[in-house]
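Asker: The structure that follows is given in the form of structure tokens.
Derivation of every value follows stated rules applied to the coordinates shown; laboratory data play no part. Here the structure is a predicted model, which means the values were calculated and not measured. We place every Cβ from the backbone using ideal geometry, glycine too, and count neighbours over all the protein chains shown.
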Amino acid sequence: MEKVFVDTDIVLDLLSARQPHYKYAADLFSLADENLIKVYVSSLTFANVNYILSKQLLAGQARKMLLKFKALVNVLSVNDKIIELALASDFHDFEDAIQYNTAIENSITTLLTRNLKDFKKAEITILTAQQYLKAID
């Protein structure tokens, strides 16, 4: 089964129903729900998404939403080595560096994001959810 690492922006597309990207995020996570792919996210994603959703929703709704979402993904730890690699990287966005190095350290060779420009020097496959879905169709 193929493993993909999903960046925070795609998770937010799904959970916030952000248009026009929601459809691709929903289709992607449907594949995970059907056990056709394994989706991985970092623990940082849960913290970031909870923070953003808590500002948009009533108290407790963000956590309830994340609890349901957790059933679709595998959460990878952000450890000391990943932080050191991110700090030493040439990524302009530190959060992207953490996400990228989390994927690398867990031998995941496909990272899905809407932020392709910040991953130009990546040594793994970087795609949008839309590109990924088209490639596997």
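Asker: Normalised by the residues of the stretch 2-136, what does the relative contact order come to in percent, with Cα pairs under 8 Å and at least six apart?
Answerer: Over the stretch 2-136, the number comes to 29 percent.
Asker: Per the Kirkwood formula on distinct C-alpha pairs, the Rh of the stretch 83-137 is how many angstrom?
Answerer: Answer for the stretch 83-137: a Kirkwood hydrodynamic radius of 11.6 Å.
Asker: Please tell me the relative contact order of the stretch 1-54 in percent, rounded to the nearest whole number, where contacts are Cα pairs under 8 Å and at least six residues apart. Could the numbers behind the result be given before it?
Answerer: Numbers: 46 pairs, mean separation 25.9, N = 54.
Across the stretch 1-54, relative contact order equals 48 percent.
Asker: Something else: Given DSSP loops and a limit of at most 11 other Cβ atoms within 10 Å, what is the longest stretch of the chain that contains no such GluC sites (Glu not before Pro)? Mind dumping the intermediate values first?
Answerer: Working: sites that count: Glu34, Glu123.
Longest site-free region, per DSSP loop and neighbour criteria: 35-122.
Asker: For n ≥ 4 DSSP H runs only, could you compute -39500 (n - 2.57) per run for the chain, divide by its residues and tell me the 222 nm figure to the nearest 500?
Answerer: -16000 deg cm²/dmol
Asker: If you find the alpha carbon centre of the stretch 30-46 and of the stretch 1-23, how far apart are they in angstrom?
Answerer: 10
Asker: Seen from all sides and averaged, what is the projected area of the convex hull of the Cα atoms in the chain, in nm²?
Answerer: Taking the Cα atoms of the chain, their convex hull projects to 8.1 nm² on average.
Asker: With 23 Å as the limit, write out which pairs from Lys3/Lys55; Lys38/Lys117; Lys3/Lys70; Lys68/Lys117; Lys38/Lys70; Lys23/Lys121 have Cα-Cα distances beyond it, or answer none.
Answerer: Lys3/Lys55; Lys38/Lys117; Lys68/Lys117; Lys23/Lys121
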